[in-house]
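Here's the structure we're looking at; comments come further down.
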Amino acid sequence: MEVQNLNLTLKVWRQKGPKEQGHFETYSLQNISPNSSFLEMMDVLNEQLINEGKEPVAFDHDCREGICGMCSMYINGEAHGPDDHVTTCQLHMRKFKDGDTITVEPWRSAGFPVIKDLIVDRSAFDKIMQAGGFVSVNTGGVPDGNAIPIPKPNADEAMDAASCIGCGACVATCKNGSAMLFVSAKVSQLALLPQGKVEAARRAKAMVAKMDELGFGNCTNTGACEAECPKGVSITNIARLNREFLCAKFAD
Amino acid sequence: MSNPCLLSSSIGKKFLMSITGLFFVLFLAFHATMNAVHIFSPEDYNAICKFLGANWYALVGTAVIALGFIIHIAYATILTIQNRKARGTDRYDSEVRPASVEWASKNMFALGVIVFLGLGLHLYMFWSKMQLAEIMGTVDAIGAPADGSAFIMYWFSKPWVVVVYMVWLVAIWFHLTHGFWSAFQTMGWNNKTWMSRLRCLSDIIATIICVAFAAVVIAAFCMSL
């Protein structure tokens, strides 16, 4: 089957540095394969810009197979663009039509300041993880796989929460710039398991305190985060985080 | 580790919003039931008005409701200001609302403002001429403080009042459809099984309450024709 290549207009956010004033710039791209990924299309754009002696567009990317969480980009008003449960590297150009104008913006949130062009500083997530997103274990010999029995539903739910790749689409999408979906996933993946339960109360309090301190907004349960999450992390995790946090606070 | 108080945390503030919000759902359910009596028997409705009046239990109730309102509105304002700050100064050029996101959930503060303005009018039309008048010992030209039916018939015979109340009730309906299940979610009382149940229950409760209120208004308007 013959595939028709795409001619596109790109409206890309350009910003020289964190303190600089950003603006949109418009670029024309010809002959883009619909089978290429969005990042490959961005590579073509950058090659074109370099050939023209212009500064290429800075954007985050790493594994390009949807598991590292690096690629960001707010494409046509949606985090990771117009497809469900994909990261930008998994978004294909066949989702667009010939002649389309595509708007590409960085994540916009006070918690994620722009570093350059489409790259934002997501180290706030690392700080939240450092506050309590771990288990303190004595690393001795390798334990037997079935030494601690874990009910299947709990293991499944913990795995679902653990599928969070920390990309920040939840914060980018949330009208309140709230990081609750991320924090709830990181709290849930451990709180559901016996190894993580021991420190659950301390973890929930510490991670929420850090999240508040870093200036993320308050969750108003719109569910936009869940809709745009490339891994489909459920907002029922947020209910669990609220439960863990409130129980921990009332127990104090 | 430092242990700041519950209300200094984001979840603590939202917990307070949930508690006060659910309290209002109970209050509205009571208020709507009481009003619905007017459709069937204005005399019995007046008997309820007289029973409540400015008696100590009704005054305590009013004080608790007023306090609840102040807390709900104050914290809504604090949280909204924080949220706008967290969103940052640069706004998206294009934004798409995912289909699963309720319109009401993104506009709770705006809806709250409409509810608040409607409340101001409602307090002027009824409360100031009934309970407040009884406390102050004054009698309005429309009717005696315990003659609730007279006030209903007077105000809801005016088409503009009916229209304003309908707009107000629609705003309350939207506010409740999101507020009810959202309160349970914030209190941590939700999971995969209950998510759809609570959302459905929200719609049912909001509809019952608002239809009951609207029925009283429309019935009074029709009777006045």
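Values quoted throughout were computed directly from the atomic coordinates according to the rules given, and no laboratory measurement underlies them. The model shown is predicted, which means the values in this text are computed figures rather than measured ones. Cβ: placed from backbone, ideal geometry, glycine included. Neighbour counts: every protein chain shown.
Considering the conditions (1) more than 19 Å from the chain's Cα centre (by Cα); (2) more than 25 Å from A:G223 (Cα to Cα); (3) in a helix (DSSP H, G or I), B:T193 is excluded by exactly one of them, (2). Mind listing whichever residues of region B:185-225 are closer than 24 Å to A:V233 by Cα and crowded, with 22+ Cβ neighbours inside 10 Å? The answer is B:Q185, B:T186, B:N190, B:S202. Put simply, of B:A32, B:A54 the only residue that is aliphatic (A, V, I, L, M), surrounded by 17 or more Cβ atoms within 10 Å (Cβ to Cβ), part of a loop (DSSP other than H, G, I, E, B) and away from every other protein chain (no Cβ under 14 Å) is B:A54. When region B:136-166 is filtered for residues that are assigned to a loop (DSSP other than H, G, I, E, B) and surrounded by 12 or more Cβ atoms within 10 Å (Cβ to Cβ), the ones remaining, listed by number, are B:V139, B:D140, B:I142, B:G143, B:A144, B:P145, B:A146, B:D147, B:F156, B:S157, B:K158.
Can you work out which of the residues in region B:103-135 that are of a type in the set (S, T, N, Q) and part of a helix (DSSP H, G or I) is farthest from B:H31 (Cα to Cα)?
Filtering region B:103-135 for residues that are of a type in the set (S, T, N, Q) and part of a helix (DSSP H, G or I), the one farthest from B:H31 (Cα to Cα) comes out as B:S105.
Of the residues making up region B:48-81, those that are over 20 Å from the mean Cα position of the chain (by Cα) and either over 30 Å from A:S178 (Cα atoms) or touching a residue at least 60 places away in the same chain (Cβ under 8 Å) (or both) are B:I48, B:K50, B:F51, B:G53, B:A54, B:N55, B:W56, B:Y57. Return a yes/no flag: does region B:120-131 have any residue that is over 18 Å from the mean Cα position of the chain (by Cα), closer than 28 Å to B:M166 by Cα and not polar (S, T, N, Q). The answer is yes, given that some residue of region B:120-131 is over 18 Å from the mean Cα position of the chain (by Cα), closer than 28 Å to B:M166 by Cα and not polar (S, T, N, Q). Consider region B:174-188 and keep the residues that are at the interface with chain A (Cβ under 7 Å from one of its Cβ atoms) and under 19 Å from B:M108 (Cβ atoms). The one that is nearest to the chain's Cα centre (by Cα) is B:S182.
The single condition among (1) within 30 Å of A:A79 (Cα to Cα); (2) without any contact (Cβ under 8 Å) to a residue 12 or more places away in the chain; (3) of a type outside the set (F, W, Y) that A:K210 does not satisfy is (2).
For (1) more than 15 Å from B:Y92 (Cβ to Cβ); (2) aromatic (F, W, Y); (3) out of contact with any Lys or Arg (no Cβ under 7 Å at 6 or more places or on another chain); (4) facing chain B (nearest Cβ under 10 Å), each residue gets a yes or a no:
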| residue | (1), (2), (3), (4) |
| --- | --- |
| A:N76 | no, no, yes, yes |
| A:H80 | no, no, yes, no |
| A:Q90 | yes, no, yes, no |
| A:R94 | yes, no, yes, no |
| A:K97 | yes, no, yes, no |
| A:P106 | no, no, yes, yes |
| A:D117 | yes, no, no, no |
| A:S123 | yes, no, yes, no |
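To keep it simple, each residue is scored yes or no on (1) out of contact with any helix residue (DSSP H, G or I) (no Cβ under 9 Å at 6 or more places or on another chain); (2) within 28 Å of B:Y75 (Cα to Cα); (3) more than 7 Å from chain B (Cβ to nearest Cβ).
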| site | (1), (2), (3) |
| --- | --- |
| A:A158 | no, no, yes |
| A:S163 | no, no, yes |
| A:V187 | no, yes, yes |
| A:Q195 | yes, no, yes |
| A:A201 | no, yes, yes |
| A:E213 | no, yes, yes |
| A:T220 | no, yes, no |
| A:A248 | no, yes, yes |
| A:D252 | no, yes, no |
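Considering the conditions (1) in contact with a Gly (Cβ under 8 Å, 6 or more places away or on another chain); (2) within 14 Å of chain B (Cβ to nearest Cβ); (3) hydroxyl-bearing (S, T, Y), A:T101 is excluded by exactly one of them, (1).
Inside region A:1-38, residues that are within 28 Å of A:P113 (Cα to Cα), more than 14 Å from every other protein chain (Cβ to nearest Cβ) and surrounded by 15 or more Cβ atoms within 10 Å (Cβ to Cβ) make up a count of 3.
Touching a Leu at 6+ places or on another chain (Cβ under 6 Å) and surrounded by fewer than 19 Cβ atoms within 10 Å (Cβ to Cβ): does that describe A:D100?
Taking the combined requirement at face value, the residue satisfies it.
Restricting the search to region A:39-77, which residues are among the charged types (D, E, K, R) and either buried (at least 21 other Cβ atoms within 10 Å of the Cβ) or in contact with a Pro (Cβ under 6 Å, 6 or more places away or on another chain) (or both)? Hit for region A:39-77 is A:D60, nothing else.
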